[in-house]
Amino acid sequence: MPSSVLPLPATVDREVGARIRALRQAKGLSLETVATAANLSIGFVSQIERGLSSPSLKALASLADALGLPIAGLFEARAPSEEAGTIVVHADQRSVLQLWRSGIVKQLLTPDGPDAALNVFLIILAPGASTGTEPYSHLGEEAGLVLEGAITLTVDARSWTLKTGDSFRFESSRPHRFANAGQGEARVVWVNART
């Protein structure tokens with residue numbers, strides 16, 4: 001498992017912003033093009049890239065779609081161990097995306113790769129954690145299993161409280177959001193598939 005000591009929020013924001021900028025530049029896209037495609041202001045995308053603003057999961061999903069990537073493509077790239085190659089991810093080699101402002105940590109359980117059609121995450125939600133009050137949508141399909149705690153999942157205008165052992169599946173293009181519904185930490189195995 002990755003270290004339980006998480007980096008400082010300002011460091012996280014700078015690292016995420018630098019990755020987004022590098023990906024945008026590698027694709028030869030202007031700030032304006034990406035901002036327009038993500039339905040975000042140029043100023044906000046610029047602040048994210050410079051590490052001056054902490055993006056929500058909704059903003060990250062929009063940026064990933066604008067860059068033509070799964071959200072896992074925004075994670076810090078980690079070199080797999082030589083014997084594992086692109087098949088195995090050892091627990092201490094997981095890429096981690098810390099959404100500190102929303103109280104969510106996403107660990108990528110599958111090998112890194114911006115072209116991967118299927119990504120599996122361990123999502124850890126602190127008490128009170130949420131993707132926000134505004135639903136978001138993106139390309140693909142998703143499914144999950146609550147391993148610990150409880151979450152509230154809202155898809156379209158319908159909400160469910162899911163507890164340990166409950167599972168779900170829906171098209172990612174449907175507006176959705178989720179939140180920790182309990183007093184303790186919640187853990188969910190979450191699968192995103194690009195279609």
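Observations on the model:
- For residue 104, the solvent-accessible surface with a 1.4 Å probe is about 0 Å², rounded to the nearest 10.
- The GluC sites (Glu not before Pro) of the stretch 127-195 include none that DSSP puts in a loop with a beta carbon having at most 13 other beta carbons within 10 Å.
- Per residue, the stretch 79-183 exposes an accessible area of 51 Å² to a 1.4 Å probe, with every protein chain left in place.
- For residue 131, net neighbour charge (Lys/Arg +1, Asp/Glu -1) across residues whose Cβ lies under 10 Å away: +1
- A simple count of charges around residue 142, restricted to other residues whose Cβ falls under 12 Å of its Cβ and scoring Lys, Arg +1 and Asp, Glu -1, yields +1.
- Charge dipole of the chain (Cα centre as origin; +1 on each Lys and Arg Cβ, -1 on each Asp and Glu Cβ, all else neutral): 360 debye, rounded to the nearest 20.
- Farthest positive-ward along the stretch 82-195 dipole, Cα basis, beta-carbon charges - from 90, 133, 164: 133
- Solvent-accessible area, 1.4 Å probe, carbon plus sulfur percent, for the stretch 9-152: 55 percent
- Residue-wise HN-Hα coupling along the stretch 55-70, computed from phi with Karplus coefficients 6.51, -1.76, 1.60 (Hz; x: Gly, Pro): x, 7, 4, 4, 5, 5, 4, 5, 5, 4, 4, 4, 8, x, 10, x
- Taking θ as phi - 60° and the Karplus parameters 6.51, -1.76 and 1.60, the scalar couplings of the stretch 27-34 work out to 8, x, 9, 7, 4, 5, 4, 5 Hz in sequence order, x denoting glycine and proline.
- Selected from 23, 103, 143, residue furthest toward positive end of dipole (the stretch 21-176; charges at beta carbon): 103
- If you take all other residues with their beta carbon under 12 Å from the beta carbon of residue 69, and give Lys and Arg +1 and Asp and Glu -1, the sum is +1.
- Dipole magnitude (debye, nearest 20) for the stretch 107-188, charges at Cβ of Lys, Arg, Asp, Glu: 280 debye
- Rounded to the nearest whole Hz, the Karplus-based 3J(HN,Hα) values (6.51 cos²θ - 1.76 cosθ + 1.60, θ = phi - 60°) of the stretch 136-152 follow the sequence 9, 9, 7, 6, x, 9, 9, 8, x, 9, 7, 8, 7, x, 8, 10, 9, with x at glycine and proline.
- Sequence of 167, 137 from largest to smallest accessible area, 1.4 Å probe: 167, 137
- Long-range HN-HN contacts of residue 95 with modeled amide H, under 5 Å: 108
- Estimated [θ] at 222 nm from DSSP helical runs (n ≥ 4, -39500 (n - 2.57)) normalised by residues in the chain, nearest 500: -7000 deg cm²/dmol
- Taking 91, 64, 35 in turn, the Gaussian network model of the chain (Cα-Cα springs below 10 Å) assigns the largest fluctuation to 91.
The values are calculated or read from the model by the stated rules, or taken from the named source; none is laboratory data. The model shown is predicted, which means the values in this text are computed figures rather than measured ones. For neighbour counting, all protein chains shown are included, and Cβ atoms are generated from backbone atoms with ideal geometry for every residue, glycine included. Keep in mind that these areas ignore ligands, DNA and RNA; they rest on the heavy atoms of the full protein, side chains included. Shrake-Rupley method; radii C 1.70, N 1.55, O 1.52, S 1.80 Å.
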